[in-house]
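Heads up: the structure comes next, in structure tokens.
What follows draws every value from the coordinates through simple rules; no lab data is involved. Just so it is clear, the structure is predicted and the values come from calculations on it, not from any experiment. No Cβ is skipped: glycine too gets one built from the backbone with ideal geometry, and neighbour counts run over all protein chains shown.
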Amino acid sequence: MAKQYFGNPDLVRLSARLARKKHRISVVTSFRTSDEQIRLSGVDIYEAPPLIRLHSLGYPLSFPISQLYRIVRGKGVEIVHALSDFSTHTVSAALVSAIANVPFVYAIQGVGWETNYLIVDALMKLYESSIERLIAKKADRVILLSERLLSRARKIGVKENKTVIIPSGVDCNYFDSESQEMREKSASLRGKMGLGEKIVVGYVGRLVSGKGLQDLISAIKQIKSARSNLVLLFVGEGPERTSLEETAKEAGIEAVFAGWQNEVLPYYSVMDIFVLPSLFEGLPNVLLEAMAMGKPVVATDVGANADLVENGVNGFLVSTRNPEQMASVLKKLVEDSNLRSRFGEIGREKVVGSFSLDKSVERVESLYNEIV
């Protein structure tokens, strides 16, 4: 349900739900799809093969302007909605909406993007101060995932009367570790991976430098001597994988790299603790998913993470680039199964109460109606 085609998770969920409510949805993506995925989604999906793919950054560059224009005109599109920051698709969407005189909605999903590549980061800052300002100016409405992202909106010149806060949402019936089916899948996966009674500290997402994964390995190294039964589980792919594998091996840490998974739920289910050590974020879907799965979480205090994680209540917030602090809170969770259970229960309650997918989709639908 959450992975009907490759792309931004918010876009995947939103498009599928809107299509289910009988709206006509067309999606343009740089990621490869399959006939089965297209059929299951109920959404018209168009591939825009990247002109260039920056493998070291895990980032495709594509300007599907003519393709987008044909879709907008041919399908009678009434609203163009672009979700990703620093995306060439977003540039294309803004241009096409202006040419076709169709309302444009722009979603700011993060506080920025840093790669640690000097030239790339310099280009990103130039993009932010020029192109993105024009995109935001063209937008009829700018969606923010949290009030904590207002500073980013102001930075690129978004007027307050254009902004609307619509947090991401997850399907808590789908992300449920307590179902009988999920219990069976979890037990089966633990057996296949040889995890036994080991404590699994997990991460789901892209393996890129901005996710702070080297800090996670460093934190695990600090507590490994006291707890030899720890396993570090990475679910995802990216340019940093080889480096992370080498670092974990050098540190003597048992680490499993599961790669990209079409069905990620069983992997969440086998985790005892979920960690998101990112250097920057918006309102991360993986954090919502892990909490919906009843997992205690440790996350860096960036972006809107504090909207989800109440420090010491349903998880721990730590500073970025601070493996020592991360190791300290991880040690508490590793050594206290009752604390893990309590954090997991409270975390799921928070997501069910405030971050349901249905509420998020209703807010977007209301925004569309208002603009049209």
Charge dipole magnitude, Cβ of K and R +1, D and E -1 - the chain, Cα centre, debye nearest 20: 680
Cut-off 20 Å (backbone N to label point 7 Å along Cα→Cβ of LYS331), residues of the range 215-247: 215-232
Charge sum, other residues only, whose C-beta stays under 11 Å from LYS162's C-beta, Lys/Arg counted +1 and Asp/Glu -1: +2
Listed residue (GLY315, VAL43, SER360) projecting farthest to the positive dipole end of the chain, Cβ model: VAL43
Environment charge of VAL231, counting only residues whose C-beta is closer than 13 Å and scoring Lys/Arg +1, Asp/Glu -1: +1
Distance between modelled label sites at SER66 and ARG133, nm, 7 Å Cα→Cβ extension: 3.2
Mean ellipticity per residue at 222 nm, deg cm²/dmol - from DSSP H runs of n ≥ 4 across the chain, formula -39500 (n - 2.57): -13500 deg cm²/dmol
Most mobile of SER15, SER328, SER356 in a GNM of the chain (Cα contacts under 10 Å): SER328
Fluctuation leader among ASP336, ASP176, ASP215 - the chain, Gaussian network, Cα springs under 10 angstrom: ASP336
Unit charges on C-beta of K, R, D, E only; dipole of the range 180-354, Debye: 320
For the chain, with +1 on Lys and Arg beta carbons and -1 on Asp and Glu, the positive-most of GLN180, ALA226, PHE104 along the dipole: PHE104
Amide H contacts of HIS81 (H built 1.01 Å from N, under 5 Å, at least 5 apart or other chain): VAL105
Lys pairs, the range 102-254 - Cα-Cα below 27 angstrom, 8 or more residues apart or on other chains: 26
Fluctuation leader among TYR127, TYR106, TYR268 - the chain, Gaussian network, Cα springs under 10 angstrom: TYR127
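Among the GluC sites (Glu not before Pro) in the range 272-319, which ones are in a DSSP loop with at most 11 other Cβ atoms within 10 Å of the Cβ? Mind listing them? Display every interim value, and only then the final one.
Numbers: sites: GLU281, GLU289, GLU310; in loops: GLU281, GLU310.
Qualifying residues, ordered by number: none.
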Local electrostatic count, ALA139, Cβ distance below 12 Å [Lys/Arg +1, Asp/Glu -1]: +4
Net dipole in debye of the range 269-362 [+1 Lys, Arg Cβ; -1 Asp, Glu Cβ; about Cα centre; nearest 20]: 180
For the range 180-354, convex hull volume per residue from C-alpha positions, Å³: 107
Cα-based convex hull volume of the chain per residue, rounded to whole Å³: 134
